[in-house]
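Peer 1: One structure, as structure tokens, below. Some questions next.
The values are calculated or read from the model by the stated rules, or taken from the named source; none is laboratory data. From a predicted model like this one, the values you see are computed outputs, not experimental measurements. Cβ placement follows ideal geometry from the backbone for every residue including glycine, while neighbour counts extend to all protein chains displayed. Side chains included, ligands, DNA and RNA excluded: accessible areas come from the protein's heavy atoms. Shrake-Rupley method; radii C 1.70, N 1.55, O 1.52, S 1.80 Å.
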Amino acid sequence: MTAIRLLPGLIAAITAYLALPMLSWLGYFPARFLLFLLIYTGVTLALDIAMKRYGG
């Protein structure tokens, strides 16, 4: 496994982590966690699709 395969997950984790302070207005923890997971999944899928189109 090459390190480039881990890049979408790593970038998604960093993006979702940086989005956490913006989600602080949600006082309800399950909603905040769900949005965190949605951001993580969305970024991961978008980057994975882009990398597959770029590199084959």
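Peer 1: Look through PRO8, PRO30 and report the one residue that is of a type outside the set (Ser, Thr, Tyr) and more than 19 Å from TYR54 (Cβ to Cβ).
Peer 2: Values: PRO8 fails: more than 19 Å from TYR54 (Cβ to Cβ).
Testing whether each residue is of a type outside the set (Ser, Thr, Tyr) and more than 19 Å from TYR54 (Cβ to Cβ) leaves just PRO30.
Peer 1: Give region 1-13 a look and list any residue that's open to solvent by 90 Å² or more (accessible area, probe 1.4 Å) and in a helix (DSSP H, G or I), or say none. Outline the logic, then answer.
Peer 2: Within region 1-13, the subset open to solvent by 90 Å² or more (accessible area, probe 1.4 Å) is 1, 4-6, 10.
Selection gives ILE4, ARG5, LEU6, LEU10.
Peer 1: How about region 9-36: which of its residues are without any contact (Cβ under 8 Å) to a residue 12 or more places away in the chain and under 11 Å from the mean Cα position of the chain (by Cα)?
Peer 2: Of all residues in region 9-36, those without any contact (Cβ under 8 Å) to a residue 12 or more places away in the chain come to 10, 14, 17-18, 21-22, 24-31, 33-34.
Across region 9-36, the qualifying residues are LEU10, ILE14, TYR17, LEU18.
Peer 1: In region 14-56, what count of residues is obtained for those that are assigned to a helix (DSSP H, G or I), of a type in the set (Gly, Ala, Ser) and exposed (fewer than 14 other Cβ atoms within 10 Å of the Cβ)? Step through it out loud before you land on a result.
Peer 2: Applying the first criterion (assigned to a helix (DSSP H, G or I)) to region 14-56 yields 14-23, 29-55.
The next check asks that each one be of a type in the set (Gly, Ala, Ser); those that pass are 16, 19, 31, 42, 46, 50, 55.
Narrowing the set further to residues that are exposed (fewer than 14 other Cβ atoms within 10 Å of the Cβ) leaves 31, 42, 46, 50, 55.
Summing the residues that are assigned to a helix (DSSP H, G or I), of a type in the set (Gly, Ala, Ser) and exposed (fewer than 14 other Cβ atoms within 10 Å of the Cβ) in region 14-56 gives 5.
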